[in-house]
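*Asks:* Quick one: structure below, then a few questions.
Laboratory data are not the source of any read-out in this text; all were calculated from the coordinates shown. Computed from a predicted structure; not experimentally measured. Cβ placement follows ideal geometry from the backbone for every residue including glycine, while neighbour counts extend to all protein chains displayed.
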Amino acid sequence: MSPFKEKVRVVSGIQPTGELHIGNYFGAIRNWLALQDEYECFFFIADYHAITEEWDPEQLRRNTQNLVLDLLACGIDPERSVLFVQSHVPEHTELCWVFNALAGYGDLQRMTQFKEKREHVERTQEFVSVGLFDYPVLQAADILIYHGAKVPVGEDQLQHLELTRRIARRFNARFGAYFPEPEPLLSEAPRIMSPAAPEKKMSKSLGPKHYLALFEPEESFWEKIKTAVTDTGPQGETMSPGVANLFLLLKLSAAPEVYEGFRAEYAQGTIRYAKLKEAVFEHLMEVLRPLRERRAKLTEADARAAMERGAAKAQKVAQETLHEVRRRIGVGPVPPDDVGTS
Ligand code: TYM
């Protein structure tokens with residue numbers, strides 16, 4: 001039994017595929033920070049998920065380390081949370097293999113994220129990997145290996161969580177109740193849009209003009225807000241997606257009076273989008289400045305120390321789970337207790 005089992009477990013991960021952006025921050029990470037006191041939290045860098053599309057090994061290692069530092073700068077506290085790198089705890093991949101036996105091919109075929117990514121990969125790479133198809137099964141293993149009951153993520157991960165619950169149910173039905181059925185925890189901004197194409201989700205894979213990186217220079221950050229798509233005038237009842245996205249960013253970063261002030265101007269038709277953009281930039285910067293200051297002081301040694309410590313704590317729990325899973329499904333060396341009893 002793990003020493004913390006009384007506390008509800010929170011598990012979430014992020015891929016080291018490039019810079020951290022404000023979609024990741026407001027969509028998930030800010031929620032992670034708030035959960036650290038109340039729950040036993042496991043947060044990790046999903047580097048094995050990042051090899052489901054073409055990758056450069058050196059870049060991957062650099063991104064992984066940088067992301068650890070970014071998360072520390074955001075306020076993930078390795079004293080209170082278990083912060084680690086997925087591949088440093090290889091038990092995740094073994095559990096993934098077990099879950100492969102419980103995941104339906106048809107279920108995986110229906111995953112929206114797979115369909116979207118497959119289209120992109122088919123256009124840009126030599127082949128679509130089996131890893132990309134199997135991606136959500138590894139995600140189920142990431143969560144269930146820690147008996148995660150709550151998973152703070154953005155909206156794009158809900159379908160993957162549904163599959164995780166299905167796998168947990170199948171396992172429990174066949175091998176006895178063991179895994180919880182994890183619930184998603186959505187933030188107040190579960191879907192932040194691209195400034196350049198506001199009908200699409202903010203994402204690294206669309207290219208740099210489609211995301212605002214947490215630690216990018218202020219000049220380019222401002223440039224992307226300044227050129228964000230809005231609309232050309234009154235649009236009737238519904239707000240255009242670009243304007244709605246700017247309002248959301250303002251709501252997330254400014255005091256309620258500031259937000260309400262701009263909403264009133266919008267309602268009266270007197271709003272100037274240039275002014276709204278300036279306000280969004282300034283308030284976002286105010287939120288991000290302390291993170292940027294902390295990030296500038298962190299070093300490689302801090303990343304290494306955090307990764308080592310996190311992996312040791314995570315692995316202890318992961319090994320317990322895997323031991324029990326192997327026992328229940330009938331694989332692995334026969335445990336000493338069972339020898340000679342059959
Ligand atoms: P990833 O790396 O794409 O994103 C990390 C987190 O950021 C959220 N997010 C967003 N939220 C709001 N608006 C956006 N535009 C936006 N873009 C990203 C994501 O929903 C996510 O919460 N598959 C996961 C990583 C993962 C994982 C896990 C998560 C692997 N194993 C186990 C939870 C539990 C992913 O690719 O996240």
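*Asks:* Using alpha carbon coordinates only, what is the Rg to Rh ratio of the range 1-155, with Rh defined as the Kirkwood radius? Show your work: numbers first, answer last.
*Replies:* Numbers: Rg = 15.8 Å, Rh = 16.4 Å.
Radius of gyration relative to Kirkwood radius: 0.96.
*Asks:* Roughly how far apart, in whole Å, are the Cα centres of the range 241-269 and the range 79-150?
*Replies:* For the range 241-269 versus the range 79-150, the Cα centre distance is 37 Å.
*Asks:* Another question about this same structure. Please turn the phi angles of the range 280-296 into ³J(HN,Hα) values with the Karplus equation 6.51 cos²θ - 1.76 cosθ + 1.60 (θ = phi - 60°), one per residue in order, whole Hz, x for glycine and proline.
*Replies:* 3J(HN,Hα) across the range 280-296, in whole Hz: 4, 4, 4, 6, 5, 4, 4, 5, 7, 3, x, 5, 5, 5, 5, 4, 5.
*Asks:* Same structure, new question: How do 262-272, 33-43 rank on mean C-beta neighbours within 10 Å, highest first? Intermediate values should be presented prior to the final figure.
*Replies:* Details: 262-272: 12.5, 33-43: 19.2.
Most protected by this proxy first, the peptides run 33-43, 262-272.
*Asks:* Another one. Starting from the alpha-carbon convex hull of the range 99-183, give the projected area averaged over all orientations, in nm². Don't skip to the answer; put the middle values down first.
*Replies:* On the way: hull surface 22.8 nm².
Result: a mean projected hull area of 5.7 nm².
*Asks:* May I pose another question? Just subtract the alpha-carbon distance of E300 and R118 from 0.36 nm times their residue separation and send over the number in nm, one decimal.
*Replies:* Values: separation 182, 0.36 × 182 = 65.52 nm, distance 3.47 nm.
So the extension gain works out to 62.0 nm.
*Asks:* Using a 10 Å cut-off around each Cβ, can you sort H210, H88 from fewest to most neighbouring Cβ atoms?
*Replies:* On the way: H210 21, H88 18.
In order of increasing Cβ crowding within 10 Å: H88, H210.
*Asks:* Report the paramagnetic label zone for S129: residues of the range 10-44 whose backbone N is under 13 Å from a point 7 Å from Cα along the Cα-to-Cβ axis.
*Replies:* Only 16-17 fall inside the zone, counting backbone N under 13 Å.
*Asks:* Lysine pairs in the range 204-295 with alpha-carbon atoms under 13 Å apart, 8 or more places apart or on different chains: how many are there? Working shown, then result.
*Replies:* Working: K209/K224; K209/K226; K224/K277; K226/K275; K226/K277; K251/K277.
So the count of such lysine pairs works out to 6.
*Asks:* Which log10 I(q)/I(0) values, to two decimals, does the range 204-295 give at q = 0.16, 0.20, 0.22 Å⁻¹ under the Debye formula with one point per Cα?
*Replies:* -0.67, -1.00, -1.16
*Asks:* Provide M239, M202, M111 in ascending order of the number of other Cβ atoms located within 10 Å of each residue's Cβ, fewest first.
*Replies:* Numbers: M239 16, M202 24, M111 19.
Fewest-to-most Cβ neighbours within 10 Å comes out as M239, M111, M202.
*Asks:* On to the next question. Report the equivalent ellipsoid semi-axes for the range 1-85 in whole Å, largest first, defined as the square roots of five times the eigenvalues of the gyration tensor built from alpha carbon atoms.
*Replies:* Details: eigenvalues 117, 42, 23 Å².
Semi-axes, largest first: 24, 15, 11 Å.
*Asks:* A follow-up question, please. Taking Cα atoms, how many degrees apart are the long axis of helix 158-175 and the longest axis of the chain, rounded to 10 and kept between 0 and 90?
*Replies:* The helix 158-175 is inclined about 10 degrees to the chain.
*Asks:* Nearest 10 degrees, 0 to 90: what angle lies between the long axis of helix 300-329 and the longest principal axis of the chain (Cα atoms)?
*Replies:* Computed tilt is about 50 degrees.
*Asks:* If I stretch the segment between E199 and E260 completely, what's the gain in nm (0.36 nm per residue apart, minus their alpha carbon distance), one decimal?
*Replies:* On the way: separation 61, 0.36 × 61 = 21.96 nm, distance 2.41 nm.
Using 0.36 nm per residue and subtracting the Cα-Cα distance, I get 19.6 nm.
*Asks:* Would you order M307, M193 from fewest to most other beta-carbon atoms within 10 Å of each residue's own beta-carbon?
*Replies:* Values: M307 19, M193 23.
Fewest to most other Cβ atoms nearby, the residues stand as M307, M193.
*Asks:* Using alpha carbons only, how many degrees (0 to 90, rounded to 10) separate the axis of helix 256-268 from the longest principal axis of the chain?
*Replies:* With both axes taken from Cα atoms, the answer is about 60 degrees.
*Asks:* I would also like to ask the following. For the chain, what is the charge dipole size about the Cα centre, in debye to the nearest 20, if Lys and Arg each add +1 at the Cβ and Asp and Glu each add -1 at the Cβ?
*Replies:* Values: 42 positive and 49 negative charges, 78 e Å.
My answer is approximately 380 debye.
*Asks:* Calculate, axis by axis, the spread of Cα positions in the chain along the three principal axes, and write the results as whole Å, longest axis first.
*Replies:* Extents along the principal axes: 83, 43, 38 Å.
*Asks:* Could I ask something else about it? Which percent, nearest 5, of DSSP beta bridges in the chain are antiparallel? Mind showing how you got there, number by number?
*Replies:* Values: 2 of 16 bridges.
Counting only bridges with both partners in the chain, antiparallel ones make up about 10 percent.
*Asks:* Assign one of three labels to the range 149-194, namely rounded, prolate or oblate, based on the Cα gyration tensor with a ≥ b ≥ c the square roots of its eigenvalues; rounded applies when a/c is under 1.5, prolate when it is not and a/b is larger than b/c, and oblate otherwise. Could the numbers behind the result be given before it?
*Replies:* Working: a/c = 6.52, a/b = 2.75, b/c = 2.37.
Because a/c hits 1.5 or more and a/b exceeds b/c, the range 149-194 counts as prolate.
*Asks:* Right, another one. Kindly rank 69-77, 95-103 from highest to lowest mean number of other beta carbons found within 10 Å of each residue. Each step should come with its number before you reach the end.
*Replies:* On the way: 69-77: 20.2, 95-103: 18.1.
Sorting 69-77, 95-103 by mean packing, highest first, produces 69-77, 95-103.
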